[in-house]
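First the structure, in the form of structure tokens, and then the observations on it.
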Amino acid sequence: MKKIAVFPGSFDPFTIGHEGIIRRAINLFDEIIIAVGTNALKKNFYSLETRKEMIKKVFKDEPRVRVAHYEGLTVDYCKKNGAGYLLRGLRTAADFEFERAIGQVNKSLAPGIESVFLLTVPEHSFINSTIVRDIIRSGGDASKFVPALINLKDYKGIED
Ligand code: ADP
């Protein structure tokens with residue numbers, strides 16, 4: 001059976017931290033679906049289409065990575081797509097506590113789906129989308145925190 005993993009997140013924007021996790025995980029799975037979650041209650045900086053476009057650019061030469069979006073429960077999205085794994089990245093103890101709760105709830109909702117956690121490399125452990133967004137909003141240069149293939153000047157942020 002094909003090993004499919006879903007990597008869910010807001011990716012507002014996608015950072016080198018996210019990229020690092022995917023590049024390492026690609027050797028563990030046959031396919032990874034980067035699934036941009038749409039949460040009506042969450043205010044985004046980049047539109048859903050912009051976020052997907054940025055991520056697609058990064059993995060344009062990687063046929064094992066697909067970029068999609070979803071609404072609703074992550075485990076339901078996994079089931080719909082035949083994914084048996086949920087991929088997440090861990091940076092800090094705070095991430096662990098947060099992920100532990102979500103992972104255990106997901107296990108209870110969908111016992112057949114395994115959450116897989118990769119520890120970030122130390123150089124990426126301080127990078128998060130909120131800080132990158134704040135740099136961009138304030139007119140700073142955040143290019144070193146996003147994958148080289150994403151040219152931030154090509155994208156306009158909107159609060160949607
Ligand atoms: P959300 O906050 O909506 O879950 P994110 O896009 O921030 O979405 O995160 C998606 C996943 O990527 C999470 O598992 C998160 O821990 C992981 N992640 C975010 N930043 C990094 C990083 N710098 N290094 C490793 N993993 C990361």
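Figures for the structure shown
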| quantity | calculated |
| --- | --- |
| Qualifying residues in region 75-93 (those that are within 18 Å of GLY37 (Cα to Cα) and within 10 Å of the ligand (Cβ to nearest atom)) - the one most open to solvent (accessible area, probe 1.4 Å) | ARG88 |
| Selected residue (only one of GLU53, GLU71 is surrounded by fewer than 18 Cβ atoms within 10 Å (Cβ to Cβ) and within 30 Å of SER108 (Cβ to Cβ)) | GLU71 |
| Hits in region 137-160 - residues which are open to solvent by 60 Å² or more (accessible area, probe 1.4 Å), touching a residue at least 60 places away in the same chain (Cβ under 8 Å) and not in a helix (DSSP H, G or I) | LEU149, LYS156, ILE158, GLU159, ASP160 |
| Failed criterion for PRO122 (all others in (1) open to solvent by 40 Å² or more (accessible area, probe 1.4 Å); (2) under 12 Å from ILE33 (Cα atoms) hold) | (2) |
| Test: residue in region 4-12 that is assigned to a helix (DSSP H, G or I) and more than 16 Å from ASN128 (Cα to Cα) | no |
| Residue list for region 29-47, restricted to those being more than 12 Å from PHE14 (Cβ to Cβ) and under 13 Å from the mean Cα position of the chain (by Cα) | ILE32, ILE33, ALA35, GLY37, THR38 |
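For every residue, the table says whether it meets (1) touching a Lys or Arg at 6+ places or on another chain (Cβ under 7 Å); (2) more than 9 Å from the ligand (Cβ to nearest atom); (3) farther than 22 Å from ASP12 by Cβ.
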position	(1), (2), (3)
LYS56	no, yes, no
ASP95	no, no, no
ALA101	no, yes, no
SER108	no, yes, yes
ARG137	no, yes, no
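Residue-wise test of (1) under 21 Å from SER129 (Cα atoms); (2) charged (D, E, K, R); (3) at pLDDT below 95; (4) under 13 Å from the mean Cα position of the chain (by Cα).
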site	(1), (2), (3), (4)
ILE26	no, no, no, no
HIS69	yes, no, no, yes
CYS78	no, no, no, no
ASP95	yes, yes, no, no
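The values are calculated or read from the model by the stated rules, or taken from the named source; none is laboratory data. Bear in mind the structure is a predicted one, so any value in this text is a computation, not a measurement. Because the Cβ atoms are built from the backbone with ideal geometry, glycine has one as well, and the counts that use them run over all protein chains shown. In case anyone asks, the SASA skips ligands and DNA or RNA and just uses the protein heavy atoms, side chains included. Shrake-Rupley method; radii C 1.70, N 1.55, O 1.52, S 1.80 Å.
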